[in-house]
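What follows is a set of notes on a single structure, which appears directly below.
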Amino acid sequence: MEVLTKSSDRNLTIRLEGELDHHGAKKSMRELERAVESALPLSATLDFSGVTFMDSSGIAVVLRVLRRMRELGGTLKLTKVPPQAKKVFDAAGISQMLTIE
Amino acid sequence: MEVLTKSSDRNLTIRLEGELDHHGAKKSMRELERAVESALPLSATLDFSGVTFMDSSGIAVVLRVLRRMRELGGTLKLTKVPPQAKKVFDAAGISQMLTIE
Amino acid sequence: MKAENYMNLEFLSKSSNESFARVAVAGFAAQLDPTLDEIGDIKTAVSEAVTNAIVHAYPDRLGKISIKTKIYEGKVLEIVVRDWGRGIENIEQARQPLFTTGGEERSGMGFTIMESFMDKLTVRSTPERGTTVTMRKKISVRLSDRL
Amino acid sequence: MKAENYMNLEFLSKSSNESFARVAVAGFAAQLDPTLDEIGDIKTAVSEAVTNAIVHAYPDRLGKISIKTKIYEGKVLEIVVRDWGRGIENIEQARQPLFTTGGEERSGMGFTIMESFMDKLTVRSTPERGTTVTMRKKISVRLSDRL
Ligand SMILES: Nc1ncnc2c1ncn2[C@@H]1O[C@H](COP(=O)(O)OP(=O)(O)O)[C@@H](O)[C@H]1O
Ligand SMILES: Nc1ncnc2c1ncn2[C@@H]1O[C@H](COP(=O)(O)OP(=O)(O)O)[C@@H](O)[C@H]1O
């Protein structure tokens, strides 16, 4: 799991690459939090185009970022979510809580 | 394992697609032989570009076609052999018996 | 009912084993010629069950995880994931969406996802003895099966 | 020497299982961060050993095949492929390049390829009791291992 971040003007884009399972989430959660804390963004985007697999561990990751963004008064958006990950978000009924593109 | 053949003027090109292991060889050997018998080619080319895996079962297949081509007084050439399959041909010391491109 | 084919898998509860466990089961299921979507469902369900064994069954040690996979007539795939860990006190509660004992790292959606991606889910567990999760899925019949 | 991780696999001697067997072992080995070339070597060696069990050990029936995989310190991968089939009378002869009892379908190069793709190959066999093939390969240390 790779975490690639790009931020400017309190807009943060994070590209996730690899398998977002419990193993991948464990490895990337700290990096994700660090990215959010240093950018303190008003708008954050998680780019899922590089996620080759996701299970419910990914949901926990996204919910954690979502919670932090709400505390910061900012918004969170997910983009380029592949079908397999989308299906997991849908099954978890989480698609309504988020903007998923 | 898919076997796609194209022949004209006693030139036969056979494109192999998939995994050329014992399972794949079992499934494709008859089709290969049929292609050779109906074209009776003077020159045959096995296009390996679609072979995603090969083990020694593939060697047996190639040697069988080679033997038949020699009986017909024709030649056999292998093209677009991927690195993994090339390594198997090399380890079997068969690369010298054939034109491999 | 007699199985047409089977595969048994056994490994340590290391998170680095999650990936190959689902790949192995998906690879075994491939002979049923599932759609990409079905392969995704199988991988996801296996990942949930295996992660539970790693995270919840053996929270503070490495233990053994077994996956027994069978194919039955009619393209039915059965996957049994077993551990010899902590067990579950209240299975009904554990299966509720959002219920988790795993804290912020877990979403509590594992069983919900297994249920929604597979046709049938059975959970048996004995505290301090371990848990057995049985899942079944019928793979769709495709035109090519009739050729 | 104690293994750092292991994976045991068990399945029927159907040729449709060849593919997932090598995928499962390669998936397990992936945690050693092998090169593409090393992954290819591992898949090929596993394929040869498994095919032998399917073709030679159980020529006229379905039987059980087991693969036990271990990782030892220093990125050493051990793969043990076992069957309970026919066995080999003369192991030295069987290991010779081009020797085969399999007719035109086989090349007699299986053991030669296992030997050349792995660092070590041991074959034990008892006629009518079965065969155990043990292979070892040290995966190359890469810069990223030191980070
Ligand atoms: N194999 C297991 N061993 C022990 N407890 C388990 C096991 N699987 C599930 N549980 C319990 O059931 C709860 C719900 O599981 P699940 O729905 O998969 O969500 P999550 O894994 O996100 O917590 C877990 O938090 C845990 O308490
Ligand atoms: N698992 C096995 N059980 C019984 N006989 C075997 C087994 N593996 C190999 N053999 C014997 O050893 C011979 C050589 O094997 P190998 O070098 O792999 O070539 P091939 O499989 O092409 O025959 C086989 O033809 C067979 O007689």
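For this structure, a couple of remarks:
- Just one of (1) surrounded by 15 or more Cβ atoms within 10 Å (Cβ to Cβ); (2) over 16 Å from C:Arg106 (Cα atoms) fails for A:Ala92. It is (2).
- Flag if D:Arg136 is more than 7 Å from ligand 2 (Cβ to nearest atom) and either within 24 Å of D:Arg61 (Cα to Cα) or assigned to a strand (DSSP E or B) (or both): yes
- Of the set (1) within 14 Å of chain B (Cβ to nearest Cβ); (2) more than 8 Å from ligand 2 (Cβ to nearest atom), all apply to D:Asn90 but (1).
- Residue in the stretch D:82-90 that is more than 16 Å from ligand 1 (Cβ to nearest atom) and under 22 Å from B:Val88 (Cα atoms) present: no
- The C-beta contact set for the stretch D:74-100 (first residue touching a residue at least 40 places away in the same chain (Cβ under 8 Å), second residue acidic (Asp, Glu) and in a loop (DSSP other than H, G, I, E, B), distance under 8 angstrom, 6+ apart or interchain) comprises D:Arg86/D:Glu128; D:Gly87/D:Glu128.
- Some residue of the stretch C:34-56 being away from ligand 2 (no atom under 16 Å from the Cβ), surrounded by 24 or more Cβ atoms within 10 Å (Cβ to Cβ) and facing chain D (nearest Cβ under 10 Å): no
- Lone qualifier among D:Lys64, D:Lys70 - being free of Cβ contacts under 8 Å to residues at least 60 places away in the same chain and either under 23 Å from D:Met7 (Cβ atoms) or not aliphatic (A, V, I, L, M) (or both): D:Lys64
So that you can scan it fast, the table gives a plain yes or no per residue for (1) of a type in the set (Gly, Ala, Ser); (2) in contact with a His (Cβ under 7 Å, 6 or more places away or on another chain):
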{"site": "C:Ser16", "(1), (2)": "yes, yes"}
{"site": "C:Thr44", "(1), (2)": "no, no"}
{"site": "C:Val76", "(1), (2)": "no, no"}
{"site": "C:Asp83", "(1), (2)": "no, no"}
{"site": "C:Ala94", "(1), (2)": "yes, no"}
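- Applying the criterion of being on the phi > 0 side of the Ramachandran plot and free of Cβ contacts under 8 Å to residues at least 60 places away in the same chain to the residues of the stretch C:105-133, the residue that is farthest from ligand 2 (Cβ to nearest atom) is C:Gly108.
- Residue tally, condition more than 17 Å from A:Asp21 (Cβ to Cβ) and either within 8 Å of ligand 1 (Cβ to nearest atom) or assigned to a helix (DSSP H, G or I) (or both), over the stretch C:104-122: 2
- Within the stretch D:67-76, the set of residues being part of a strand (DSSP E or B) and surrounded by fewer than 23 Cβ atoms within 10 Å (Cβ to Cβ) comprises D:Lys68, D:Lys70, D:Ile71, D:Tyr72, D:Val76.
- Which numbered condition C:Phe20 fails, given (1) surrounded by fewer than 17 Cβ atoms within 10 Å (Cβ to Cβ); (2) closer than 27 Å to A:Val51 by Cβ; (3) free of Cβ contacts under 8 Å to residues at least 24 places away in the same chain: (1)
- Filter result for the condition that a residue is free of Cβ contacts under 8 Å to residues at least 12 places away in the same chain and either assigned to a helix (DSSP H, G or I) or under 21 Å from C:Thr100 (Cβ atoms) (or both), over C:Ala30, C:Ala49, C:Ala45: C:Ala30
Coordinate-derived values only; no laboratory data. Everything quoted here is computed from the prediction, not taken from an experiment. Counting neighbours? That spans all protein chains shown, and the Cβs are built from the backbone with ideal geometry, glycine included.
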